[in-house]
Amino acid sequence: MDGYRPTRSAPPPASDASGFSAHILIDGRFCLDEPIGHGTAAYVWRATDLSSLQKVAVKIFSAPLGHAPQGHEAVREAAALRAVENLHVVRMISTGTISHPDTGVQTPYLVLELVRGADLRHSLPGVLEPVDTARLGAELAAGLAGVHAAGYIHRDVKPSNILVDPATGHAKITDLGIAVSVHRVGDKEPSYGSLPYMSPEQLRCAPLTSASDIYSLGLVLLECLTGVRAFDLPQGDSTAARTLRGPEIPPALPAAWRSLLSAMTSLSPRERPSAKQCRLALASLQHQHAHTAAA
């Protein structure tokens with residue numbers, strides 16, 4: 001599932017390919033301001049909550065005009081976000097449906113907290129310092145711990161699904177559109193996710209556990225430290241490599257990092273640490289790097 005690509009234009013357009021436009025009022029409360037991004041199944045607008053005058057993000061699940069809205073992903077994401085309450089997961093404010101202005105079709109939407117700044121894919125400056133990677137990783141692991149505690153598996157942890165506030169540097173996990181309840185992991189579903197960050201068991205369409213998200217997070221952190229994707233290969237080669245070996249972890253990285261990343265990206269899900277264990281390990285690494293820098 002693609003991440004949301006920022007809509008670039010100056011000045012911002014009054015509408016986008018979703019068929020919606022600025023000043024449309026949703027639920028008598030949320031006034032659309034401008035489009036700020038889009039993905040394969042939804043368009044994202046900055047909007048104003050007229051009840052508080054706060055800015056929010058409205059995610060409208062509307063395929064380009066003439067195609068059916070992708071309502072199933074809205075239902076899935078809304079259910080997951082209702083269950084998850086965590087500082088490092090984007091918060092849902094409201095959800096519902098709105099009549100499409102051109103087709104009249106009832107189109108689902110989510111109203112989410114607005115995180116100012118770009119996703120990690122656009123904000124990553126090449127290579128991130130180890131102390132910053134450890135801080136970011138600890139927050140993401142805390143977010144995943146919340147997702148897992150609520151009984152869900154994210155299934156699409158990747159840089160474009162991580163929002164970073166430029167003012168604080170804090171991170172939040174977003175896009176739970178393909179998150180799945182642990183009670184449904186036995187159901188037969190296609191292999192969802194983004195190829196460069198999928199776990200070996202996702203590629204094999206095997207039953208998933210929360211350990212699959214840990215594998216993906218390990219690849220994201222490795223990319224932060226090296227500036228390159230671990231498995232940036234054609235689909236066939238990437239799939240074969242992923243199921244036969246772990247990612248190449250540079251020997252120049254500190255031993256504690258090599259040990260943690262090796263464990264997070266173990267071929268065996270049972271050998272991977274939990275999200276809570278990752279958070280503790282990454283917080284310890286952050287402390288060690290900060291102490292070394294101050295010495």
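The values are calculated or read from the model by the stated rules, or taken from the named source; none is laboratory data. For clarity, every value in this text was computed on a predicted model and none was experimentally measured. All Cβ positions, even for glycine, are placed from backbone atoms using ideal geometry, and neighbour counts span all protein chains on display.
Return yes when V157 is part of a loop (DSSP other than H, G, I, E, B), in contact with a Phe, Trp or Tyr (Cβ under 9 Å, 6 or more places away or on another chain) and β-branched (V, I, T) and no when it is not. So V157 passes the test.
Contact annotation: residue pairs with Cβ atoms under 6 Å, 6 or more positions apart or on different chains, pairing a residue in the stretch 267-295 that is in contact (Cβ under 8 Å) with a residue 24 or more places away in the chain with a partner that is part of a loop (DSSP other than H, G, I, E, B) and not aliphatic (A, V, I, L, M), are P269/T209; R272/S266. Of the residues H67, H38, H23, the single one that is closer than 21 Å to N161 by Cα and either at pLDDT below 95 or out of contact with any strand residue (DSSP E or B) (no Cβ under 7 Å at 6 or more places or on another chain) (or both) is H38.
Condition (residue is part of a loop (DSSP other than H, G, I, E, B) and either within 26 Å of L253 (Cα to Cα) or at pLDDT below 95 (or both)) applied to the stretch 142-149: is it met by at least one residue? No; the residues of the stretch 142-149 include none that is part of a loop (DSSP other than H, G, I, E, B) and either within 26 Å of L253 (Cα to Cα) or at pLDDT below 95 (or both). Within the span defined as the stretch 96-117, every residue fails to be basic (K, R) and in contact with a helix residue (DSSP H, G or I) (Cβ under 8 Å, 6 or more places away or on another chain). Scanning the stretch 176-193 for residues that are surrounded by fewer than 19 Cβ atoms within 10 Å (Cβ to Cβ) and at pLDDT 85 or above turns up S181, V182.
Taking only the stretch 160-172 into account, find how many residues are in a loop (DSSP other than H, G, I, E, B) and at pLDDT 95 or above.
0
When the strands (runs of 3 or more DSSP E) confined to the stretch 19-129 are screened for residues that are within 30 Å of R229 (Cα to Cα), those reaching at least 1 such residues are found at 30-38, 43-49, 54-60, 106-113.
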